[in-house]
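The values are calculated or read from the model by the stated rules, or taken from the named source; none is laboratory data. Note that this is a predicted model, so its numbers are computed, not measured. When we count neighbours, we look across all protein chains shown, and the Cβ atoms used for this are built from the backbone with ideal geometry, even at glycine.
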Amino acid sequence: VHVYLTRAVGILRVLAALQGTREDAWKAEEPGKILHEIRYGEMARTGAIPHTPYFGTVDATPLFVLLFAETVAWSDDRVLYADLLPNVRRALDWIERYGDLDGDGLVEYRTEAGASGHISNKVWKDSGDSLHDRAGRQVRGAIAAVEVQGYVYAACARLAEVAARMGDTAWAAELRERAERMRRTVEDLFWLEDDGFYAQALDGEKRRVDAISSNPGHLLFCGLPSPERAARVAHRLAAPDLNSGWGIRTLSAAMPTYNPMSYHNGSVWPHDNSVIVAGLRRYGHTDLALDLIEALFQASLADPLQRLPELYCGFPRSDTLGDAPVTYPVSCSPQAWAAATGHLLVRSLLGLEVDHTSRRVRIDPVLPVWLSRLTHTNLAAFGATYDLDLARHGDHITVDSDGPLERA
């Protein structure tokens, strides 16, 4: 958002135009729901697959609301706010009416894959074998994924700030209360005290899916955990069964279904790590954040085209395996998520946030030891663009900018 505000606006308008309007089981469409994927090939055109578009995910809808709130916060675009507010309200209604399958305040999905082209796990880890408990048993039923609840919390909390700025104080209060209910529910139901970590999900019987995975790292990005629990999560993420040395694995190496060459059960995804890095910075766990940034940077340098792929294998970083992560053979490169990773990592280095109320950009920069200077051009905020130049002098970082910055 802070780099390509116009693209964020375009994405929001396209997703709003394609928002679900009816119940269609073939496409997994429901009123207010945001699409998962759209395709234009022969199979889609002939109706052999449902991707026209396909709505089989539960995370896109709260992420749409979060992107809307974040974009308005950075741009103060009141036309966009007015234009898309009906779509946002429909998305929030979907979260409450359709996303919550059993009235417990959580967003769930059913694991039955159904017809050809449908996916079983309707979250970003969407492979059919990406969810097991600590004993290695496949999880079934109505699944409440921990990161999805975090997205709902963040969407409501951020939108409350924007709504208050726009003068809708009553709705802002409702959104804050909705966010707080979600925070309490997640803290009560997902926390694994003995592990100092959150469960990956709740299963259909509301039992904690206690596999140790990267998913709870997204809660830090969302700002949901208490500082005390966030510190324990950060400590657990740093452990070698999760931290491969090339980034956080999707699944702990201590789990029975761990496979470093799998798609979602032990591989390393750059976008997943960038979200975790942003969360670590949010809670002040800068050392681990910088370690992960260094790992991703070195991985990109080792790539023949010096870019990050969709994912790579989760083998531990070691001299015997060389100075590059083991390639995942069919990883997409370029891939949109991976391409966006660099922007979020730079934002994390800058400690960049925007105060919608004061219309000021706040910065709390850090630089790793191997980076002495960082220049960011075309930072977009409130209808203008600014340039930043950071330089490290010993333990001190200087910041030059032509924009209205407020340094922490």
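Looking across region 68-94 at every residue that is in contact (Cβ under 8 Å) with a residue 60 or more places away in the chain, among the hydrophobic types (A, V, I, L, M, F, W, C) and more than 30 Å from residue 140 (Cα to Cα), the one that is surrounded by the most Cβ atoms within 10 Å (Cβ to Cβ) is identified as 72. On inspection, residue 97 passes the criterion of being within 21 Å of residue 157 (Cβ to Cβ) and exposed (fewer than 14 other Cβ atoms within 10 Å of the Cβ).
Restricting 359, 392 to those that are surrounded by 15 or more Cβ atoms within 10 Å (Cβ to Cβ), of a type in the set (Lys, Arg) and not assigned by TED's automatic domain parsing to the domain that holds residue 244 reduces the list to 392.
Residue pairs whose Cβ atoms lie under 9 Å apart, separated by 6 or more positions or on different chains, with the first residue in region 294-310 and on the phi > 0 side of the Ramachandran plot and the second assigned to a helix (DSSP H, G or I), are 306/300. Report whether or not residue 301 is farther than 22 Å from residue 238 by Cα, assigned to a helix (DSSP H, G or I) and of a type outside the set (Phe, Trp, Tyr). Taking the combined requirement at face value, the residue satisfies it. Selection of first residues in region 183-199 that are under 15 Å from residue 222 (Cα atoms) and of second residues that are aromatic (Phe, Trp, Tyr) and surrounded by fewer than 22 Cβ atoms within 10 Å (Cβ to Cβ), restricted to Cβ pairs under 9 Å at least 6 apart or on distinct chains, gives the following pairs, ordered by first then second residue: 198/191. Of all residues in region 229-277, which are closer than 22 Å to residue 322 by Cα, surrounded by fewer than 24 Cβ atoms within 10 Å (Cβ to Cβ) and among the charged types (D, E, K, R)? If the condition is that a residue be closer than 22 Å to residue 322 by Cα, surrounded by fewer than 24 Cβ atoms within 10 Å (Cβ to Cβ) and among the charged types (D, E, K, R), then 241 is the only one that fits. Return a yes/no flag: does region 174-181 have any residue that is at negative phi and touching a His at 6+ places or on another chain (Cβ under 8 Å). The answer is no; no qualifying residue exists.
Cβ-Cβ contacts under 6 Å between residues 6 or more apart (or on different chains), taken from a first residue in region 1-27 that is assigned to a loop (DSSP other than H, G, I, E, B) to a second residue that is hydroxyl-bearing (Ser, Thr, Tyr), are listed as 1/71; 27/54.
Would a scan of region 19-32 turn up a residue that is at pLDDT 95 or above and among the polar types (S, T, N, Q)? The answer is yes, given that some residue of region 19-32 is at pLDDT 95 or above and among the polar types (S, T, N, Q).
Counting the residues of region 251-289 that are among the β-branched types (Val, Ile, Thr), touching a strand residue (DSSP E or B) at 6+ places or on another chain (Cβ under 8 Å) and within 19 Å of residue 339 (Cβ to Cβ) gives 2. Which condition does residue 55 not pass, out of (1) surrounded by fewer than 18 Cβ atoms within 10 Å (Cβ to Cβ); (2) within 23 Å of the chain's Cα centre (by Cα); (3) of a type in the set (Phe, Trp, Tyr), if it passes all the others? Result: residue 55 fails condition (1) only.
Restricting attention to region 108-126, does a residue exist that is part of a helix (DSSP H, G or I) and either under 18 Å from the mean Cα position of the chain (by Cα) or surrounded by 20 or more Cβ atoms within 10 Å (Cβ to Cβ) (or both)?
no
Screening residue 394 with (1) at pLDDT below 95; (2) more than 24 Å from the chain's Cα centre (by Cα); (3) closer than 20 Å to residue 345 by Cα; (4) not aliphatic (A, V, I, L, M) gives one miss only, at (3).
Criterion applied to 70, 29 was being of a type in the set (Asp, Glu) and within 24 Å of residue 118 (Cα to Cα), and the one residue passing it is 29. The set of residues in region 345-372 being closer than 30 Å to residue 168 by Cα and outside any strand (DSSP E or B) consists of 347, 351, 352, 356, 357, 358, 359. For region 388-396, state whether one or more residues are outside any loop (DSSP other than H, G, I, E, B) and closer than 26 Å to residue 165 by Cβ. Looking through region 388-396, at least one residue is outside any loop (DSSP other than H, G, I, E, B) and closer than 26 Å to residue 165 by Cβ. With the structure loaded, tell me whether residue 375 is more than 24 Å from residue 249 (Cβ to Cβ) and not in a loop (DSSP other than H, G, I, E, B) or whether it fails that test. Judged against the criteria, residue 375 is a match.
Cβ-Cβ contacts under 7 Å between residues 6 or more apart (or on different chains), taken from a first residue in region 203-222 that is over 17 Å from residue 286 (Cα atoms) to a second residue that is assigned to a helix (DSSP H, G or I) and among the acidic types (Asp, Glu), are listed as 214/272; 215/147.
The single condition among (1) over 23 Å from residue 229 (Cα atoms); (2) in a helix (DSSP H, G or I); (3) charged (D, E, K, R) that residue 307 does not satisfy is (2). Report, by residue number, each residue of region 275-305 that is more than 22 Å from residue 218 (Cα to Cα) and not polar (S, T, N, Q). Residues satisfying the conditions are 301, 302, 303, 304, 305. Scanning region 184-229 for residues that are within 17 Å of the chain's Cα centre (by Cα) and not hydrophobic (A, V, I, L, M, F, W, C) gives 198, 200, 213, 214, 215, 216, 217, 218, 223, 225. Among the residues of region 4-18, the ones that are at pLDDT 95 or above, farther than 18 Å from residue 123 by Cα and not β-branched (Val, Ile, Thr) come to 7 in all.
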